[in-house]
Every structure is written in structure tokens, then in C-alpha cells.
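Asks: Starting off with a structure, shown below.
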Amino acid sequence: MDKKVFGMKVDEHLYKKYNFDEKTGMTRLYMVNGKEMSLFATEFYATSTVYAEESPEMVEAARKIMEKVQREIVDYYAIKEGRKEHTAMKHDTFDGYLKDLQEIHAKAAPERRALKEKMDAAQKRWEEDQREFKGDEHYLAREKVRYLDAQEEYKGNVMELQRRTKEEIQTVQAEYEKHVTDFYSANGNRLDEAAVRLLNSGIKLTDTEIDGMVSQNIGNPTMLRLVSDHCEKMGIENQNARVYGSLARKAGADEREAFKVVADMVEKAVSENEVTADIWSKPESHFQRLSDQQIGAMGGFFVRPAGKEAETAE
């Protein structure tokens, strides 16, 4: 009988690794939302549609563990068989790039405010000079040149800050685009050969079996598209296959839009428009709240890379 871990066929070594504690030989336990569970119980929650409504936090925690383990299994066999499944990326998940944008904002916004404060001080000094030394034409002429120089310096510094900020954003965007494109592009190395054989066998798969294939591959758009295409070809109506296949075919459109939203807010924080810059560069501005919302929403995307955030209890 085939040995499986989270629906994936594995060898004896991996089966024991994920089912039993190496030191004690006892059943290995996984920390699922604060509760220790066996592999079987963890998989039950991860794939349960009933508990998805009753205990969404438990299901999400179990699903993260399942995704992590499945990713480890794929990587294990990729190395063993000499295959390269994924190009090395800066972050494991897409939200890491949005956090990079938050860091850019955290550095650029205070600098923009400091430039404005320096210009405001020069403006104030010039206005006071005009009141106090209105009869001294020579002094005012000299101070006016000083004020105009401060204006030019201010404009130049703002433009330089904008240039550096945009350059940093573009660097992150290039890394992000590379990751999104690689993740969503069809890749033969990411095919689950056992699943492909089953799909091509002519066996009429049940809804439960197809649901299982989908749940095992939520971090694998290539397989999601294949399962969806198979269902369409065979006239099989399966909601999960249709929905996940459709999301996989969007090829990162939602992820790119989320990046654009946050990047635009960062650029607004260093805008030459004083009102815009003031709104988006303040420590208490809407930036942190809105960018956190984008990151949170991205974590809820149905199709996404399996990160390393899930932890197991030893």
C-alpha cells in the first residue's frame, strides 16, 4: 500500500519523518493554532470544508503546515532527482515584497518631512526679515537671494529623493515580477507525475478525489491548471477545480495590482505636491493601515506560494 503524507506519495524515509518523532519514536505532533495534533488530525483540519466555517483559524493553521510539508516533499524529490523546481527568490511569499515597500516608505517619509521643515524654516525667516528690515534694501536683497537659493535646493533635494525612492521601488518590483512570473508560468518540473498518470488513466475521478488534488496543489498553478483543464475536457463539474484553475490562469494579476497600490502610496509620500506629501508621509498617515490591509489580503489569496511560516512542534 502506498504511503502518503498530506495526500502526497512518499518513500519510507519521509513517511517516518513526518509521522514519528525522530528522538522518541512516538507520534510526531504538529502545533495547530496552539493545539498539538498528529499528522492525520492536521490533514483532516487542513482539508475539511465543514470546519472551514466552524473553525477557520484552525483550518488556516493546519493548511499552512500542510503547504509547508508539501513544499518540503517537492524540494526533497527535486534535489534527489536532480531537478530544479523553482528559481531562488528573495522571499518565500509575495507579501515579503510589499513589506520591502513599507521599509522604503519608513526611510523616505521622514526624509521628505525633514526637507519640508527646513524649507518652512527658510520661508519663515524670509517673512520675518521682510517685516523687521523692510527699510534695509541691501540686507533684504541679500536675504532674498539666500531664500531663493533655499527654494532651489529644496526642489532639487525633493527631486533627488523621488529619484532614489523610485529606483528602490523598481528594484523591488523587478524581483517581485520575477517571482510572480516564475510562480505562475507552466513548468513541466512542477508536474506531479503520479497525479498526471491518474488523470490520463481514464478512471472517472470522484469530486472528493479531485478536491484532494486541488488542495494538494494550491501552491502549484501548473497542476491547478492541469486539473481544471482535465475536468473541463472530461465534462466534470467540480467547483474547486474551476475556481482554483481560474485563479491560476489570472497569472498574478491580483498580486501585481496589490504591489502597484502600495508602490503608488510610497511615491505619494515623496511627492513634490506639498499637500499630497504631507498626507502620505506623516507617521499617523493612512499608509501603514492601507499597506497592512494589502499584505493581509494577499495572505488570504487562494493560490499562493507555500512559505516557511508554519512551525511544527517537536
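Asks: Using helices alone, I'd like the mean residue ellipticity at 222 nm for the chain: each DSSP H run of four-plus residues gives -39500 (n - 2.57), total over residue count, nearest 500.
Replies: Calculated mean residue ellipticity at 222 nm is -22500 deg cm²/dmol.
Asks: Kindly rank 67-73, 273-279 from highest to lowest mean number of other beta carbons found within 10 Å of each residue.
Replies: Ranking the peptides 67-73, 273-279 by packing returns 67-73, 273-279.
Asks: Any idea what Rg and Dmax come out to for the stretch 118-250 if you just take the C-alpha atoms, in Å?
Replies: Calculated on Cα positions, Rg and Dmax stand at 32.2, 98 Å.
Asks: For TYR139 paired with SER38, estimate the spin-label separation in nm (one decimal), with each label point 7 Å from Cα along the Cα-to-Cβ line.
Replies: 9.0 nm
Asks: Just the Cα atoms of the stretch 94-153: what Rg and Dmax do they give in Å?
Replies: When restricted to Cα atoms, the stretch 94-153 yields Rg and Dmax of 18.6, 63 Å.
Asks: Further question: Per residue, how much accessible surface does the chain expose to a 1.4 Å probe? Answer in Å², no decimals. Mind dumping the intermediate values first?
Replies: Details: 18150 Å² over 314 residues.
So the chain comes to 58 Å² accessible per residue, rounded to a whole number.
Asks: Beta carbons within 10 angstrom, averaged per residue: use that to sort the peptides 219-227, 53-61, highest first. Present the calculation step by step, with values, prior to reporting the outcome.
Replies: Details: 219-227: 23.9, 53-61: 14.9.
The peptides rank, most packed first, as 219-227, 53-61.
Asks: In square angstrom, rounded to the nearest 10, how much accessible surface does ARG256 have for a 1.4 Å probe?
Replies: 80 Å²
Asks: Which whole-number percentage describes the relative contact order of the chain, with Cα contacts under 8 Å and a sequence gap of 6 or more?
Replies: Values: 339 pairs, mean separation 80.2, N = 314.
Once divided by the residue count of the chain, the mean separation gives 26 percent.
Asks: Between GLU132 and GLU274, what is the FRET efficiency for a Förster distance of 22 Å, r being their Cβ-Cβ separation, to the nearest 0.05?
Replies: Efficiency at R0 = 22 Å is approximately 0.25.
Asks: Here's something else I'd like to know. Where the accessible area of the stretch 106-264 is counted over protein heavy atoms with a 1.4 Å probe, how much of it, in %, is carbon and sulfur? Mind showing how you got there, number by number?
Replies: Numbers: 4730 of 9340 Å².
After summing per-atom areas, the C and S share lands at 51 percent.
Asks: Let me ask another. Residue separation times 0.36 nm, minus the C-alpha to C-alpha distance between MET234 and GLU177: what's the value?
Replies: 17.1 nm
Asks: Over the chain, what per residue volume does the convex hull of the Cα atoms give, in whole Å³? Intermediate values should be presented prior to the final figure.
Replies: Working: hull volume 55.0 nm³, N = 314.
Residue-normalised Cα hull volume stands at 175 Å³.
Asks: Using +1 at the C-beta of Lys and Arg and -1 at the C-beta of Asp and Glu, which of GLY156, GLY296, SER201 has the Cα lying farthest in the positive direction of the dipole of the chain?
Replies: The listed residue farthest towards the positive side: SER201.
Asks: Moving to a separate point now. When all protein chains stay in place, what accessible area (Å², nearest 10, 1.4 Å probe) is found for PHE20?
Replies: Solvent-accessible area, nearest 10 Å²: 90 Å².
Asks: Can you give the extra length, in nm with one decimal, that the chain gains between GLU257 and THR206 once fully stretched, where that is 0.36 nm per residue apart less the Cα-Cα distance?
Replies: 14.8 nm
Asks: Sticking with this structure for a sec: Label-point separation (nm) for ARG113 and GLU60, each offset 7 Å from Cα along Cα-to-Cβ?
Replies: Calculated label separation equals 3.1 nm.
Asks: Still on this model: Can you bin the stretch 7-82 into rounded, prolate or oblate? Criterion: square roots of the alpha carbon gyration tensor eigenvalues sorted a ≥ b ≥ c, rounded for a/c under 1.5, prolate for a/b above b/c, oblate for the rest. Before the final figure, lay out the partial values.
Replies: Details: a/c = 2.57, a/b = 1.50, b/c = 1.71.
It is oblate, given that a/c is not under 1.5 and a/b is not larger than b/c.
The values are calculated or read from the model by the stated rules, or taken from the named source; none is laboratory data. Note that the coordinates shown come from a computational prediction; the quantities given were computed from them, not determined experimentally. Neighbour counts are summed over all protein chains in view; Cβ atoms, including those assigned to glycine, are modelled from backbone coordinates with ideal geometry. Surface accessibility is based on the protein's heavy atoms, side chains included, excluding ligands, DNA and RNA. Shrake-Rupley method; radii C 1.70, N 1.55, O 1.52, S 1.80 Å.
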